[in-house]
Amino acid sequence: MQVPAPLEYERATSVDHAIGLLERLGGSARILAGGHSLLPMMKLRLASPEYLIDINELHAELGYIRVEPTRIRIGAMTRHRELLESDELAESFPIFRDAEKVIADPIVRNRGTLGGSLCQADPSEDLSAVCTTVAAECVIRSSSGERVVTMEEFHRGPYETAVGDAEMLTEIRVPLRPGGSSAYEKVERRAGDWAIVSAGAAVWLDNGVITDARVGLAAVGPNTTGIPAVSELMRGNPPSEELYERAGAIAAESCTPVTDQRGSADYKRHLVAELTKRALRRSVARANERV
């Protein structure tokens with residue numbers, strides 16, 4: 001039977017309380033949010049923290065979606081279900097709803113959190129790819145204050161983030177810009193599974209010309225990856241199938257998939273190209289619908 005190693009458990013009653021516990025316990029402690037990533041790793045002894053700090057009671061403090069004039073702020077304890085059901089979020093960034101529809105199952109979506117997903121830093125994780133695509137920023141809090149990092153700075157490698165031993169991810173901020181929309185595409189072996197390949201795209205238009213575009217990939221490299229070369233290609237050009245084709249080819253060349261039980265590296269590169277094209281095409285169509 002798979003069981004975690006012995007540990008101590010404490011339930012945090014506030015963000016300050018949780019940070020205080022992290023400061024006292026150091027690297028021997030781990031935060032428990034939804035638990036759907038951490039607990040399976042503990043059962044397999046891939047993670048063996050000496051202390052668990054349960055922050056589920058902090059949902060009232062960190063579970064929110066707030067739309068402001070220039071950005072959307074999302075609390076780290078916002079659950080998958082809340083991201084899926086938020087019409088305000090879907091209006092500005094439909095990529096979140098696209099992704100949440102293909103994340104796991106209702107049990108996981110009812111308990112799993114945005115912050116937990118990002119802090120797990122799994123290279124195949126959907127919301128990391130989404131947040132990379134929409135140029136999200138992460139707010140990391142400690143007893144000395146807050147600091148804000150980009151997604152590129154936040155993810156330092158597989159299962160490694162910029163969050164220190166005495167810090168917490170408390171909020172994700174997504175900038176709002178006019179004329180844009182987004183989409184998410186994913187291929188999986190069965191419903192709710194980890195991605196074989198997934199691709200997110202966000203596009204901004206002005207008078208029929210692309211002013212900016214971003215593509216984020218998952219499951220095809222050591223960590224969630226943005227593709228700056230695709231952005232450079234698309235800026236200043238009108239949308240076209242030829243442009244999508246070239247963007248897909250750049251994305252396929254930019255990733256580093258490996259052959260495993262989910263498919264060969266060549267197959268995954270083919271999927272990257274195809275899913276990038278589809279995500280860009282849908283993003284442009286949605287942006288045009290909002291004009």
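The values are calculated or read from the model by the stated rules, or taken from the named source; none is laboratory data. Model, not experiment: these values are computed from the prediction. With ideal geometry, Cβ positions are generated from the backbone for all residues, glycine too; neighbour counts draw on all protein chains shown. SASA here: full protein model, heavy atoms, side chains in, ligands and nucleic acids out. Shrake-Rupley method; radii C 1.70, N 1.55, O 1.52, S 1.80 Å.
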Report task. Please work out if Glu23 is in a helix (DSSP H, G or I), more than 22 Å from Tyr184 (Cα to Cα) and of a type in the set (Asp, Glu). Result -> yes
Report summary line: So the strands (runs of 3 or more DSSP E) completely within region 165-263 holding 1 or more residues that are open to solvent by 10 Å² or more (accessible area, probe 1.4 Å) and within 12 Å of Leu280 (Cα to Cα) are 180-188, 195-206, 209-218
Query raised in the report: Just checking, how many residues over region 217-241 are closer than 17 Å to Leu205 by Cα and not hydroxyl-bearing (Ser, Thr, Tyr)?
Result: 10
Query raised in the report: What pairs come up if the first residue lies in region 276-287 and is free of Cβ contacts under 8 Å to residues at least 60 places away in the same chain, the second is of a type in the set (Val, Ile, Thr) and outside any helix (DSSP H, G or I), and their beta carbons are under 8 Å apart, counting only those six or more places apart or on different chains?
Result: none
Query raised in the report: From the set of residues in region 39-54 that are open to solvent by less than 20 Å² (accessible area, probe 1.4 Å) and either in contact (Cβ under 8 Å) with a residue 60 or more places away in the chain or not β-branched (Val, Ile, Thr) (or both), which is nearest to Met77 (Cα to Cα)?
Result: Asp54
Query raised in the report: Being part of a helix (DSSP H, G or I) and either touching a Lys or Arg at 6+ places or on another chain (Cβ under 6 Å) or within 25 Å of Met41 (Cα to Cα) (or both), is that true of even one residue in region 140-150?
Result: no
Requested in this report: Taking only region 1-38 into account, find how many residues are loosely packed, with under 14 Cβ neighbours inside 10 Å, under 29 Å from Asp105 (Cβ atoms) and in contact (Cβ under 8 Å) with a residue 24 or more places away in the chain.
Outcome: 4
Query raised in the report: With Ile227, Ile210, Ile250 as the choices, which residue is closer than 30 Å to Arg66 by Cα, at pLDDT 95 or above and of a type in the set (Val, Ile, Thr)?
Result: Ile210
Requested in this report: Say whether the condition of being hydrophobic (A, V, I, L, M, F, W, C), modelled with pLDDT of 95 or more and over 22 Å from Ser254 (Cβ atoms) is met by at least one residue in region 181-202.
Outcome: no
Query raised in the report: Could you list, in sequence order, the residues of region 152-194 that are under 30 Å from Leu58 (Cα atoms) and hydrophobic (A, V, I, L, M, F, W, C)?
Result: Phe154, Ala162, Val163, Ala166, Met168, Leu169, Ile172, Val174, Leu176, Trp194
Query - Matching residues, region 1-37, being under 24 Å from the mean Cα position of the chain (by Cα) and of a type in the set (Val, Ile, Thr) - result: Val15, Ile19, Ile31
Query raised in the report: Given the conditions (1) in a helix (DSSP H, G or I); (2) buried (at least 20 other Cβ atoms within 10 Å of the Cβ), which single one is not true for Ala60?
Result: (2)
Query - Residues located in region 9-39, provided they are hydrophobic (A, V, I, L, M, F, W, C) and either farther than 13 Å from Gly164 by Cα or out of contact with any Lys or Arg (no Cβ under 9 Å at 6 or more places or on another chain) (or both) - result: Ala12, Val15, Ala18, Leu21, Leu22, Leu25, Ala29, Ile31, Leu32, Ala33, Leu38, Leu39
